[in-house]
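S.K.: Next up is a structure, given as structure tokens.
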Amino acid sequence: MGVSNNITAVLNFIAILASIPIIASGIWLASKPANECINNFRWIVVILGILILLVSLAGFFGAYRNKQVLLALYLCFMAILIVLLLILLVFAFVVTRPDGTYGVPERGYKEYRLDGFSAWLRNHVTSSGSWNKIRACLADSDICTELAQNYITSDQFFNSNISPLQSGCCKPPTACGYNYVSPIVWTNPVNPMADPDCNLWNNDQNQLCYNCNACKGGLLGSLRKEWRRANIILIVAVVVLIWVYLIACSAFKNAQTEDLFRRYKQGWV
């Protein structure tokens, strides 16, 4: 096992380590309530992380056993995976850049306007066909019942920092002027015409504000917040992978030169 192959093996071990936070961030994303109800985006990061892990393992084995064909395939597929990860990062950054969040006076939480988020997210996540399934998934979850368990008085609730999904789906918009009974029970709106969502609110625990634009905005707010956090880990991982890949390319060329020189010394050429 030549010096260059030793270096390549070490680099692939680093790549294996770099794949672990990618997989972990993907699992974290998939476990969040917003992503649990959106199957299209749920496992893409996990799949990319697993593919990077498998390719890195193949590169490590190829370097350890001096399998030049396997190393060449490793370099080819790793380049493809790095490009795909970069495309995913850029795409996620672009579609999550617009922010429909706005503050509410005398409230610890924020609320969300659907039209403040990117058109792509609105069209692909909250279109009528997609939303029916997402709404049913949200209604079956415990995101709203948790509020009733955690907060009792109005002061506790109004000063809380609840999640975007809870803010959008579990209560009516503040502008409607509903009177607080519990985090998921509200009565007698003072200004029912302030927002179209005011008339969509229902104290039925299977309805609440799941049909509201505020709920759709809260879902997009959750997606934006979660993907922005995951992107930090993914950016660090892709920088490490690019660094490893460039050095591995150089080591692969050096390994070929070492192999050619060794054959020359043995009189094969």
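The values are calculated or read from the model by the stated rules, or taken from the named source; none is laboratory data. Values in this document were obtained by computation on a predicted structure and should not be read as measured data. Please note: Cβ atoms are built from the backbone with ideal geometry, for glycine as well, and neighbour counts cover all protein chains shown. Each accessible area value is taken on the protein alone, full model and side chains, heavy atoms only, with ligands, DNA and RNA left out. Shrake-Rupley method; radii C 1.70, N 1.55, O 1.52, S 1.80 Å.
S.K.: With respect to Leu73, determine if the residue is under 24 Å from the mean Cα position of the chain (by Cα) and within 30 Å of Lys253 (Cβ to Cβ).
M.R.: The answer is no for Leu73.
S.K.: How many of the residues in the stretch 70-119 are touching a helix residue (DSSP H, G or I) at 6+ places or on another chain (Cβ under 8 Å) and assigned to a helix (DSSP H, G or I)?
M.R.: Total satisfying the criteria: 22.
S.K.: If you don't mind, there's one more thing I want to ask. Which condition does His124 not pass, out of (1) in a helix (DSSP H, G or I); (2) modelled with pLDDT of 90 or more; (3) open to solvent by 60 Å² or more (accessible area, probe 1.4 Å); (4) not polar (S, T, N, Q), if it passes all the others?
M.R.: (2) is the only condition that His124 fails.
S.K.: Whether any residue in the stretch 32-47 is under 26 Å from Ser167 (Cβ atoms), open to solvent by less than 50 Å² (accessible area, probe 1.4 Å) and touching a Lys or Arg at 6+ places or on another chain (Cβ under 7 Å) is what I want to check.
M.R.: Yes: the stretch 32-47 contains one or more residues that are under 26 Å from Ser167 (Cβ atoms), open to solvent by less than 50 Å² (accessible area, probe 1.4 Å) and touching a Lys or Arg at 6+ places or on another chain (Cβ under 7 Å).
S.K.: Evaluate the stretch 169-187: report whether one residue or more is more than 19 Å from the chain's Cα centre (by Cα) and within 30 Å of Ile232 (Cα to Cα).
M.R.: Just the residues of the stretch 169-187 that are more than 19 Å from the chain's Cα centre (by Cα), to begin with: 169-187.
Still in the list and also within 30 Å of Ile232 (Cα to Cα): 169-170.
The answer is yes; a qualifying residue exists.
S.K.: For Arg97, are the conditions met, namely being of a type in the set (Lys, Arg) and either surrounded by 15 or more Cβ atoms within 10 Å (Cβ to Cβ) or within 30 Å of Asp155 (Cβ to Cβ) (or both)?
M.R.: Details: of a type in the set (Lys, Arg): yes; either surrounded by 15 or more Cβ atoms within 10 Å (Cβ to Cβ) or within 30 Å of Asp155 (Cβ to Cβ) (or both): no.
So Arg97 does not fit the description; no.
S.K.: Filter the stretch 163-177 for residues that are in contact with a strand residue (DSSP E or B) (Cβ under 9 Å, 6 or more places away or on another chain), open to solvent by less than 40 Å² (accessible area, probe 1.4 Å) and without any contact (Cβ under 8 Å) to a residue 60 or more places away in the chain and give the result.
M.R.: Ser167, Gly168, Cys169, Cys170, Lys171, Pro172, Cys176
S.K.: On to the next question. May I ask you to say which residue of Asp155, Asp140 is charged (D, E, K, R), open to solvent by 50 Å² or more (accessible area, probe 1.4 Å) and over 27 Å from Leu223 (Cα atoms)? It would help to see each step written out before you state the result.
M.R.: Details: Asp140 fails: over 27 Å from Leu223 (Cα atoms).
Asp155 is the lone residue from the list that is charged (D, E, K, R), open to solvent by 50 Å² or more (accessible area, probe 1.4 Å) and over 27 Å from Leu223 (Cα atoms).
S.K.: Go through the stretch 178-223 and give me each residue that's in a strand (DSSP E or B), open to solvent by 40 Å² or more (accessible area, probe 1.4 Å) and of a type in the set (A, V, I, L, M, F, W, C). Give the steps one after another, and end with the answer.
M.R.: Filtering the stretch 178-223 down to residues in a strand (DSSP E or B) leaves 179-182, 185-187, 202, 208.
If we keep only those that are open to solvent by 40 Å² or more (accessible area, probe 1.4 Å) as well, we get 179-181, 185, 187, 202.
Listed by number, the residues that qualify are Val181, Val185.
S.K.: Would you check if there is a residue in the stretch 9-27 being modelled with pLDDT under 80 and surrounded by 14 or more Cβ atoms within 10 Å (Cβ to Cβ)? I'd like the intermediate steps shown before the answer.
M.R.: To start, the set of residues in the stretch 9-27 that are modelled with pLDDT under 80 comprises 9.
Checking which are surrounded by 14 or more Cβ atoms within 10 Å (Cβ to Cβ) leaves us with 9.
Yes, there is a match, as at least one residue in the stretch 9-27 is modelled with pLDDT under 80 and surrounded by 14 or more Cβ atoms within 10 Å (Cβ to Cβ).
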